[in-house]
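Structure first, then comments.
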Amino acid sequence: MFTRKPKFRPIDAVLILLCLAAGVYVAYRVKYGLEYRSDWGAIPQFLFHRDPATGRWVPNYLLQGLVTTLKLSFWATLPALGMGLVVALFRTSRNLFLRMVGRTYVELIRNLPPLVLIFIFYFFVIDQLMPLLGIEAFIRSRSIGAQTVLAILFAEKSLFVQFVSGVLTLAFFEGAYMAEIIRAGIESIERGQREAAYSLGLSWADEMRFVVLPQVVKRVLPALANEFINTIKYSAIASIVSIQELTFMGRQVVVATRYIFETWITVAALYMVLTLSLSLATGGLERTLRTSD
Amino acid sequence: MNKTEYDYIIEIENVSKTFTGGVEAVRDFSAKIRRQQVVVIMGPSGSGKSTLLRCLNGLETPDNGAIVVDGIPLDDDKHHRLEIRKEVGMVFQSFNLFPHLTVLENVNLAQMRVRKKDKAAATQRSTELLQMVGIADKVNAYPAQLSGGQQQRVAIARALAMAPKVMLFDEPTSALDPEMINEVLDVMKVLARSGMTMVVVTHEMGFAREVSDWVIFMDGGQIVETGTPECIFTNPQEERTQRFLSQIL
């Protein structure tokens, strides 16, 4: 009779014990070797604190940072997707010029360190593009009510231009990665599909809209969802241009209090909450897509 | 001459096609196809039959020569190409149904987007065609839920939905299990008898004998022999044709 191998073998137990031992050793070295006196009790006040004026509990630096990270990533993902789609269409176009434009954009982004890119692009955006679009004037001329809504959705008045610049920078950067995912999806569609669409007399736009892209979406959704997670992680580099997201706030707390380990571990945990819940959702999405096949 | 009275629906003159890499698929090929004719193109694999067929609706672009479909030259002019794509239906070896659309949506799509019909009119026409090919009970199924033979019959209905003047068939039964070949051939026979102009690349001798008006035997990208099915099958003149027929019989 066919017997299944046991799923948990003695060697697994040994490995787990080794991992645990390594963890304990690291914790021991941190506690006694580093001469670092940890004080976890100090951290919660940076998540929530009591507002002295009203006496109500309100989110403090770290949670504010988390919310900004979430907003930054969310608003950057939308233009990045649009940009990714357009560039992917450029890159799969028959037109040589469009292909060259798409290729140049993608290669430029992919072959530069994000940090270098954000310095160049962010200061171009905030110095040239924002005045051109009149973002500053736009936010200042809104009514108080509209400003409140915009503050909840994006950022408050004094940080609005900075925030929008950060969103655009991140989107410009992520767009290249999304473009490559969508391009791979378009190229994975069997040639016969496009030949059938061609033979039926469909225009290029209809061929894309009704035949190619619906199939592409299904194929690349898991990869795109993964890229959404990457956007959250990459949003940390926006801290370098003083956008007050989670990493920036973490650094502020560390500088002010010197609770290095406690703060960064808390920051890491907060990122995990965002990214892990997104990857669990992605996993669910993948299963749903698979069952409809 | 008035376009509708034009005698030949497809004229192929001195067409050549060489693929990158130097494979000469079609060599200096000329033929004329009359309205309502059923032409079968036969030949060993690699003889250029499929490439020739794909040239006829612009899926391949010939290096030399001229193709005129229903009085419209197939050239770089986008409008000419679009007209020809609308008037020439094509059925592929691998069906190429759109997997994310139901059977009905597959047949409706081009009617609505290219012929600009509304959904009700398109659905009515599609239902008739699906009835004709015997798939009326599967209109809401997805292609993956159908057998190969059923998929190919849907593909025929999809091409017919554009009301084409010519139908091209590129080895329509080669990817099918043997027991499904006849259900597809039967549909094609009905179509042939209804007066549709058809150009069929196939190895199905029975089909060629029964409904074709003209058989072209190709090898090495050229015509080896042409004639009525009786001539070609019972009394082939060329040694190459005889050898091929003795292999597939």
List every residue pair whose Cβ atoms sit under 7 Å apart, with the two residues 6 or more apart in sequence or on different chains, where the first one lies in the stretch A:249-269 and is over 21 Å from A:ARG29 (Cβ atoms) and the second, anywhere, is among the aromatic types (Phe, Trp, Tyr) and open to solvent by less than 50 Å² (accessible area, probe 1.4 Å). A:VAL253/A:PHE46
Could you check the stretch B:47-101 and list, in sequence order, the residues that are touching a residue at least 40 places away in the same chain (Cβ under 8 Å), within 13 Å of another protein chain (Cβ to nearest Cβ), small (Gly, Ala, Ser) and closer than 24 Å to B:ARG115 by Cα? B:GLY89
Boolean, B:LEU168 is buried (at least 20 other Cβ atoms within 10 Å of the Cβ) and in a loop (DSSP other than H, G, I, E, B): no
From A:ILE243, A:ILE232, which residue is in contact with a helix residue (DSSP H, G or I) (Cβ under 6 Å, 6 or more places away or on another chain) and either part of a helix (DSSP H, G or I) or within 14 Å of chain B (Cβ to nearest Cβ) (or both)? A:ILE232
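Out of all the residues in the stretch A:189-209, which are touching a helix residue (DSSP H, G or I) at 6+ places or on another chain (Cβ under 8 Å) and open to solvent by 50 Å² or more (accessible area, probe 1.4 Å)? Break it down into steps so the answer makes sense when it comes.
Filtering the stretch A:189-209 down to residues touching a helix residue (DSSP H, G or I) at 6+ places or on another chain (Cβ under 8 Å) leaves A:189, A:193-194, A:196-203, A:206-208.
A:ARG194, A:SER203, listed by residue number.
Within the stretch A:176-196, track down each residue that is facing chain B (nearest Cβ under 8 Å) and either in contact with a Pro (Cβ under 7 Å, 6 or more places away or on another chain) or in a helix (DSSP H, G or I) (or both). Quick ask: steps written out before the conclusion?
Step one: of the stretch A:176-196, the residues facing chain B (nearest Cβ under 8 Å) are A:190, A:192-193, A:195-196.
Residues satisfying the conditions are A:GLY192, A:GLN193, A:GLU195, A:ALA196.
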Go through the residues of the stretch A:146-160 one by one and say whether even a single one is in a helix (DSSP H, G or I), open to solvent by less than 20 Å² (accessible area, probe 1.4 Å) and over 21 Å from A:VAL87 (Cβ atoms). yes
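Residues checked against (1) in a helix (DSSP H, G or I); (2) within 16 Å of the chain's Cα centre (by Cα):
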site	(1), (2)
B:MET180	yes, no
B:VAL190	yes, yes
B:VAL215	no, yes
B:THR226	no, no
Among the residues of the stretch B:61-79, is there at least one that is modelled with pLDDT under 95, hydroxyl-bearing (Ser, Thr, Tyr) and open to solvent by 50 Å² or more (accessible area, probe 1.4 Å)? yes
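Does B:ALA161 satisfy the condition of being within 14 Å of chain A (Cβ to nearest Cβ) and closer than 15 Å to B:VAL91 by Cβ?
Working: within 14 Å of chain A (Cβ to nearest Cβ): yes; closer than 15 Å to B:VAL91 by Cβ: yes.
In short, yes.
Scan A:ALA53, A:ALA88, A:ALA22, A:ALA42 and give me the residue that is open to solvent by less than 50 Å² (accessible area, probe 1.4 Å), of a type in the set (Gly, Ala, Ser) and closer than 30 Å to A:ARG251 by Cβ.
On the way: A:ALA53 fails: open to solvent by less than 50 Å² (accessible area, probe 1.4 Å); A:ALA88 fails: closer than 30 Å to A:ARG251 by Cβ; A:ALA22 fails: open to solvent by less than 50 Å² (accessible area, probe 1.4 Å).
Going through A:ALA53, A:ALA88, A:ALA22, A:ALA42 in turn, just one is open to solvent by less than 50 Å² (accessible area, probe 1.4 Å), of a type in the set (Gly, Ala, Ser) and closer than 30 Å to A:ARG251 by Cβ: A:ALA42.
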Considering only residues that are buried (at least 20 other Cβ atoms within 10 Å of the Cβ), at pLDDT below 95 and hydrophobic (A, V, I, L, M, F, W, C), which ones fall in the stretch B:197-213? B:PHE207, B:ALA208
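Just to be sure, is B:SER194 farther than 15 Å from B:PHE95 by Cβ, open to solvent by 30 Å² or more (accessible area, probe 1.4 Å) and not aromatic (Phe, Trp, Tyr)? Break it down stepwise before answering.
Values: farther than 15 Å from B:PHE95 by Cβ: yes; open to solvent by 30 Å² or more (accessible area, probe 1.4 Å): yes; not aromatic (Phe, Trp, Tyr): yes.
So B:SER194 passes the test.
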So is A:ARG9 within 30 Å of A:PHE248 (Cα to Cα) and among the basic types (Lys, Arg) or not? no
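Within the stretch B:166-176, is even one residue among the hydrophobic types (A, V, I, L, M, F, W, C), more than 30 Å from B:ASP7 (Cβ to Cβ) and within 14 Å of chain A (Cβ to nearest Cβ)? Show your work before the answer.
Step one: filter the stretch B:166-176 for residues among the hydrophobic types (A, V, I, L, M, F, W, C), giving B:166-169, B:175-176.
Narrowing the set further to residues that are more than 30 Å from B:ASP7 (Cβ to Cβ) leaves B:175-176.
Of the ones still in play, those that are also within 14 Å of chain A (Cβ to nearest Cβ) are B:175.
There is at least one residue in the stretch B:166-176 that is among the hydrophobic types (A, V, I, L, M, F, W, C), more than 30 Å from B:ASP7 (Cβ to Cβ) and within 14 Å of chain A (Cβ to nearest Cβ).
Listed residues B:ALA136, B:ALA141, B:ALA163, B:ALA175; which is surrounded by fewer than 18 Cβ atoms within 10 Å (Cβ to Cβ) and at positive phi? Steps first, please.
On the way: B:ALA136 fails: at positive phi; B:ALA141 fails: at positive phi; B:ALA175 fails: at positive phi.
None of the others qualify; the one that does is B:ALA163.
Quick grid of which residues meet (1) assigned to a helix (DSSP H, G or I); (2) touching a residue at least 40 places away in the same chain (Cβ under 8 Å); (3) loosely packed, with under 12 Cβ neighbours inside 10 Å; (4) among the basic types (Lys, Arg):
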residue: A:PHE74; (1), (2), (3), (4): yes, no, no, no
residue: A:PRO79; (1), (2), (3), (4): yes, yes, no, no
residue: A:MET83; (1), (2), (3), (4): yes, yes, no, no
residue: A:ARG99; (1), (2), (3), (4): yes, no, no, yes
residue: A:GLY102; (1), (2), (3), (4): yes, yes, no, no
residue: A:LEU112; (1), (2), (3), (4): no, no, no, no
residue: A:VAL125; (1), (2), (3), (4): yes, yes, no, no
Hits in the stretch A:220-229 (condition: modelled with pLDDT of 90 or more and either open to solvent by 50 Å² or more (accessible area, probe 1.4 Å) or at positive phi (or both)): A:PHE228
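The values are calculated or read from the model by the stated rules, or taken from the named source; none is laboratory data. Just so we're clear, the structure is a prediction, and the values are computed from it rather than from any experiment. Heads up, the Cβs are rebuilt from the backbone with ideal geometry, glycines too, and the neighbour counts pull from every protein chain shown. These accessible areas exclude ligands, DNA and RNA; they are computed on the full protein's heavy atoms, side chains included. Shrake-Rupley method; radii C 1.70, N 1.55, O 1.52, S 1.80 Å.
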